[in-house]
Amino acid sequence: MPRGVWRSVMLVACLAACAHPAWAQQRTLATAGVAPTESGRGAPLGEAERRRWAPVASLILPGAGQALLHQDRFIAYLALEAWSVLEFANQRTEARRQRNRYRTLARDVARSLYGPTHPVGTWEYYENMEKYLESGVFDRLQGGEVDPDLDESTYNGLTWLRARTTYWVDPNVAPPIGSAEYRRAINFYLDRAVRPEYRWSWRNAQLEQDLYIRTIRRSNMAGREARAALGVALANHLLSAVDAVITLRVEGLEGGNGRGFAVRGSLPIP
Amino acid sequence: MRRRRSKVRGALSAARQAAVGAVLAVTAAALPLRAQGGLSTEGALFLLVPVGARTVGSGQATATAESGSESLWGNPAGIARATRREVALHYSRTVVANGTVLALVYPAGKAGVLGFGAQLYDYGAQELTDVDGTVGELLPRSVVLAATYAATLGTSVRAGVTYKRAQSRLDCTGPCGSVATFNASTSGLDAGVQYQTTRADSLSMGLMLRHLGLKLQVNDDAQSDPLPTRVQIGVGARVPAVAKALPGAELHWSAELVNRTSLDDPAVRLGAELGLQKQLYLRAGYASGTGEATGPAIGLGFVRGALSIDFARVFGGFSSDAGQPPTFLTLRVHW
């Protein structure tokens, strides 16, 4: 079992085993010195004030409101919160680890032949490395205007084909070099083609490209799991807060048969 | 055999692209676009498609509405004063999707009011074919599960919150080896408050935040799309003069501003509802924008004992341009 999962399990088990006796003891201590009020309701004024904040406390930390209301089920909320936070952290770390791994693969295998520096690209760049064996050259002939790659099996070559198809009447018949159609096609290419410092080739390294693709999949899966854990945390926060509100509405601020929970206010509307 | 497989793959690939394109077209069409036009970069745009004939007939002004189960998809505070249980079936039909929603509202006494809903958008099956004919189907769909809690806070204030789980999926039946099916889910919430004055016209105000949540990841984590979060603020009131002039009649109007959280793309919604003897309801409204279900709308409602039926039609948006105005039908039972 991965280390992160063990960490989650141990923490949840510790919380469940240790928290309950401690809180029960505190509750005993808290009620030991309580004197009945003139109304005979039995709860000190400070207790009512604490209970009023239970929904907000639960919204911030699930279970905190239930603890303020002396409900044992705070453990369940707290445990679920702990699990979801840890799971999110684990999966987010895993997503980053896999991301660094596929970037390293790209740098050390596909890009290693092209220059000493390998700047980090955008996500679209790494995505294109999944789909295309080679980026192709940016400029076939050094000097003067850019001469796009003509090899349509490469990313740059395909980009140039798209540019010509989009802006030329006949993609196989070049208009005059200074014409508007030619300039638009070149600008399209310049905006999208892979520059020399980002050039790549997986030729004779298809096994490594396959590993690269699978590493990206793992990174995506971990990202998805992290987001799912965050969704669980969101639901837990809401459920705990709603639980606290319902408790206050049913039991009142002072517990038992106390007054209900209400917000009163008015707006200066004629 | 190899040639037949490659033809099947080609047909599957083309059909998959068509289905994904249909899903994207639906989600893009559902968003109220700027007057100048433009594409949305938000995900799960089906969340913006309105639910409920009463809502649509009233111009989708939901901030102050107390529309029963329809408030689960509007301002969740709208069910806070519910005193009767409700089960409702909401059906919608547009040129790109059929929507079905089953919803339940359950008043729980002092505890408050609970609501539960399940929504399915079916974009239609796309056939997978090979040289011999149809071999399977692609099934693009969107699913939303929602749970709402609302309560009154004193006599004037109502508040509510909805947690929703939204899913966008592409399923396949038959030989689907090369079809990239997906199942993308995310979580979000709606929160709203309503304030009711004690004026003669029962002026009320509403504020809500909708579709606040986590990004929707369909494939790559880096290309996850944010949810279409919206801020909505509105007012509504009765017109007492109508009740005085026509006994048994009640006219209610509402107006609302809808905006993204960046507050740079406001849309206006206006609505009115005339009720007669609490049995017949006539509705009209207008939702600005250029997306699906925008434009003028009318609605009709009948109440007979515990049963009510509402109908609405919109005369704008993508579906109307395609000759199939969006139609909404709601069946409701109270007890």
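Here are the numbers for this structure:
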quantity: Lone unmet requirement of (1) in contact with a strand residue (DSSP E or B) (Cβ under 9 Å, 6 or more places away or on another chain); (2) part of a helix (DSSP H, G or I); (3) among the aliphatic types (A, V, I, L, M) for A:Leu113; calculated: (2)
quantity: Residue tally, condition in a strand (DSSP E or B), open to solvent by 10 Å² or more (accessible area, probe 1.4 Å) and either in contact with a helix residue (DSSP H, G or I) (Cβ under 9 Å, 6 or more places away or on another chain) or among the aliphatic types (A, V, I, L, M) (or both), over segment B:300-326; calculated: 6
quantity: Criterion: under 17 Å from B:Asn75 (Cβ atoms), surrounded by fewer than 20 Cβ atoms within 10 Å (Cβ to Cβ) and in contact with a Lys or Arg (Cβ under 9 Å, 6 or more places away or on another chain) - qualifying residue of B:Ser202, B:Ser178; calculated: B:Ser202
quantity: Pairs with Cβ under 7 Å, 6+ apart, first in segment B:73-88 and within 13 Å of B:Tyr149 (Cβ to Cβ), second open to solvent by 60 Å² or more (accessible area, probe 1.4 Å); calculated: B:Ala77/B:Val193; B:Gly78/B:Glu66
quantity: Failed item in (1) surrounded by fewer than 17 Cβ atoms within 10 Å (Cβ to Cβ); (2) away from chain A (no Cβ under 14 Å); (3) in contact with a helix residue (DSSP H, G or I) (Cβ under 9 Å, 6 or more places away or on another chain), with B:Asn219 passing the rest; calculated: (2)
quantity: Qualifying residues in segment B:155-174 (those that are open to solvent by 30 Å² or more (accessible area, probe 1.4 Å) and outside any strand (DSSP E or B)) - the one nearest to B:Leu72 (Cα to Cα); calculated: B:Thr155
quantity: Spans of strands (runs of 3 or more DSSP E) in segment B:75-138 with at least 1 residues of a type in the set (Asp, Glu) and more than 14 Å from every other protein chain (Cβ to nearest Cβ); calculated: B:86-93, B:113-122, B:126-130
quantity: Any hit, segment B:186-195, residues being open to solvent by less than 50 Å² (accessible area, probe 1.4 Å), of a type in the set (A, V, I, L, M), out of contact with any Ser or Thr (no Cβ under 7 Å at 6 or more places or on another chain) and farther than 22 Å from B:Val49 by Cα; calculated: no
quantity: Residue that is in contact with a His (Cβ under 6 Å, 6 or more places away or on another chain) and surrounded by fewer than 20 Cβ atoms within 10 Å (Cβ to Cβ), where the choices are A:Arg97, A:Arg162, A:Arg107; calculated: A:Arg107
quantity: Qualifying positions in segment B:108-119 - within 26 Å of B:Gln167 (Cα to Cα), among the hydrophobic types (A, V, I, L, M, F, W, C) and surrounded by 15 or more Cβ atoms within 10 Å (Cβ to Cβ); calculated: B:Val113, B:Leu114, B:Phe116
quantity: Whichever residue in segment B:222-235 is among the small types (Gly, Ala, Ser) and at the interface with another protein chain (Cβ under 9 Å from one of its Cβ atoms) and, among such residues, is most open to solvent (accessible area, probe 1.4 Å); calculated: B:Ala222
quantity: Unique match (being surrounded by 15 or more Cβ atoms within 10 Å (Cβ to Cβ) and without any contact (Cβ under 8 Å) to a residue 40 or more places away in the chain) among B:Leu104, B:Leu138, B:Leu128; calculated: B:Leu104
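The values are calculated or read from the model by the stated rules, or taken from the named source; none is laboratory data. Predicted, not measured: the structure shown is a model, and the values here were computed from it. Because the Cβ atoms are built from the backbone with ideal geometry, glycine has one as well, and the counts that use them run over all protein chains shown. Areas reflect the complete protein model, heavy atoms only, side chains present, ligands, DNA and RNA absent. Shrake-Rupley method; radii C 1.70, N 1.55, O 1.52, S 1.80 Å.
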